Amino acid sequence: MVAGPIISRTLYLLITIMDEEQSPGESIHTTICDVDVEFRMASAKDNRSVSDMAEGSADEIFEDMFTEMHEGDVFFEIGAYIGIFSCVVGQKSPGIGIVCFEPHPHTRETLKKNLQLNGIDATVMDCAISNSDGTIAFDARSDTPRGMGEVRHTGGEMNTSVRTLDGVITDDGVPSPTVIMSDIVGEEINLLRGGSRTLSSPTTRVVYIVIHDQPLERLGSSKQEVEELLRIYGFDKLEYLRENLLKAKKSGQTGEL
């Protein structure tokens, strides 16, 4: 009587592993928030992410971004994954500069291919963003939030370069952002701590931050601290577009030419 469930569980785990390692290899054309885009996925997980977006799962976020961004803006996607936001934004507004940050080497290669497929001349940085320069552990397991990997201050599968936001702009000649999208699994607090000069600049006017409560707690932080730091940097209009997606904006900063 026990053998059946054990076999079923084993098959389930095997199918899950095969699903995560599947590599379709071909690019697909799709439409996300009325923007035509093309993606090459390295796994079934990537395929699901794109499919969810194509079905409208993030339309309200894209629509808000389209309203906020203008010709000449510089968009930072921190934790860019395979570049879904950057590709959609770049196709919608070709006059916007784009800088992507993705520390995982395999994911970064897929990101670069997707930018190329969509004709987007973006800068791709191979580092994670935190509150200090150096190296840090990176956990690329599929059970991390959304399966996109997570910076860890102890443990992790591999080490990756880590930089501060201020350091990248000062030392690498990267243009200062006007709009930032961040999804970095708890390191959002260290992004803010290491980016005080950049984020306090009047030219950095809108920030979208995915809040990850449990990873923040592991760092001894909270979404309340994230909100407090943003206010200190001059972001006086804070609202949650979703339960875990915080939009912070500076009053009077429209970015319009």
Task: Pairs beyond 21 Å (Cα-Cα), from Lys92/Lys113; Lys45/Lys112; Lys45/Lys247 - done: Lys45/Lys247
- [ ] List the extent of the Cα atoms of the range 179-257 along each of their three principal axes, largest first, rounded to whole Å.
- [x] 41, 26, 17
Task: Net charge of neighbours whose Cβ lies under 9 Å from the Cβ of Val179, counting Lys and Arg as +1 and Asp and Glu as -1 - done: -1
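Give the calculated FRET efficiency between Lys237 and Ser196 to the nearest 0.05, with a Förster radius of 22 Å applied to their Cβ-Cβ distance.
Values: r = 19 Å, r/R0 = 0.87.
Efficiency for this residue pair is about 0.70.
Using only alpha carbon positions, build the gyration tensor of the range 59-249, then give the equivalent ellipsoid semi-axes as the square roots of 5 times its eigenvalues, largest first, whole angstrom. Walk me through the numbers before you get to the answer.
Values: eigenvalues 98, 84, 51 Å².
One finds semi-axes of 22, 20, 16 Å for the range 59-249.
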TODO: With a point put 7 Å past each Cα toward its Cβ, work out how far Asp34 is from Thr135 in nm, to one decimal.
DONE: 4.9 nm
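Rule-based calculations on the coordinates, nothing more; no lab input. Computed from a predicted structure; not experimentally measured. Positions of Cβ are backbone-derived with ideal geometry, glycine not excepted, and every protein chain shown enters the neighbour counts.
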